[in-house]
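We did not get these values from a lab; they are worked out from the coordinates using the rules stated. The structure displayed is predicted, hence computed values, not measured ones. Here the Cβ positions follow ideal geometry from the backbone for every residue, glycine too, while neighbour counts run over all protein chains shown.
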Amino acid sequence: MIAKDSSFRWVVSSEIMKAGKKKSNQKGDFMFLKKFLPWSLAACSIVTSLYAAEATSVVNFSTCITNSKYGKKEQENFEILRKQLAALIDDTEKELKDISTKLEDSEYLDSLSPKAEEDIKARFQTLNEDLSRYQGQFYQVMQQANMQLVHKMSAQIARASEKVAKDKKLDYVINKEACFYFRTELDVTQQIINEMDKNFDVDAKSKKLSDNSEEPSSATPAEASSEQHAG
């Protein structure tokens, strides 16, 4: 009985010690929170104040390309380039179709000399190779032209954004695509487009405007033309 009672007292004492230790830990945790909470609230207040003090606006990149004079000019250049390359492909396809029709005409082939028949078949093969190359160049050149357009427009939007930000005392002008939500009054897209149009007029007078259509397309049609004449 004594042993049992001693064991019981030991178990009870052990549980009391655990409870006391747990209570002590809880008290310590509470004291820690009591000390730490004011500091954390103060830190949050400072961070919130910093962000509140910063003036931020947003700009719609796509709208700047669509509606600004710069954007319309770059889109025009892009379309000129696309039409030039498409016309080259169309002309090649038409000539290829014409030769294909002749090669399917047995009477026409019979009227040719062996040398002439060999030449027309060689021309047909060359045109097939040219067409494949032009089609590959089309997608490559158009992709490069698109990247060039985006790069140029980014520079012009940044230039106008800096001016608008200084006038409105803004700390940031952020691309709309980077925002999940913003208040409509923070949108300065139209002000930036207006500034871009002013810059466009100045650059147009000083002849600083670029022409995308001249850069990527000049080599390809010239090369194609020389190859066609050689054939």
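Dipole size of segment 45-145 about its Cα centre, with +1 on Lys/Arg Cβ and -1 on Asp/Glu Cβ: approximately 740 debye, rounded to the nearest 20.
Here the peptides 173-180, 190-197 are ranked by packing, the mean other Cβ count within 10 Å, and the order with the highest first is 190-197, 173-180.
Shown in residue order for segment 70-85 are the 3J(HN,Hα) couplings computed by the Karplus curve 6.51 cos²θ - 1.76 cosθ + 1.60 at θ = phi - 60°: 4, x, 5, 5, 5, 5, 5, 4, 4, 5, 4, 4, 4, 5, 4, 5 Hz (x for Gly and Pro). Summarising the label geometry, the points placed 7 Å from Cα in the beta-carbon direction at residue 201 and residue 67 lie 1.8 nm from one another. Protection proxy ranking, highest mean first, for peptides 133-145, 114-126: 133-145, 114-126, where packing is the per-residue count of other beta-carbon atoms within 10 Å, averaged.
Counted residue by residue at 0.36 nm each, then reduced by the alpha carbon distance between them, the extension gain from residue 129 to residue 94 reaches 11.2 nm.
Amide H to amide H, with H built 1.01 Å from N, residue 174 comes under 5 Å of 57, 58, 59, counting only residues 5 or more places away or on other chains. Listed values for segment 187-196 are Karplus-derived 3J(HN,Hα) couplings in whole Hz (6.51 cos²θ - 1.76 cosθ + 1.60, θ = phi - 60°), namely 7, 10, 4, 5, 5, 6, 4, 4, 5, 4, and x replaces Gly and Pro. Taking square-rooted eigenvalues a ≥ b ≥ c of the alpha carbon gyration tensor, is segment 125-209 rounded, prolate or oblate, where a/c under 1.5 means rounded and, failing that, a/b exceeding b/c means prolate? The shape class here is oblate.
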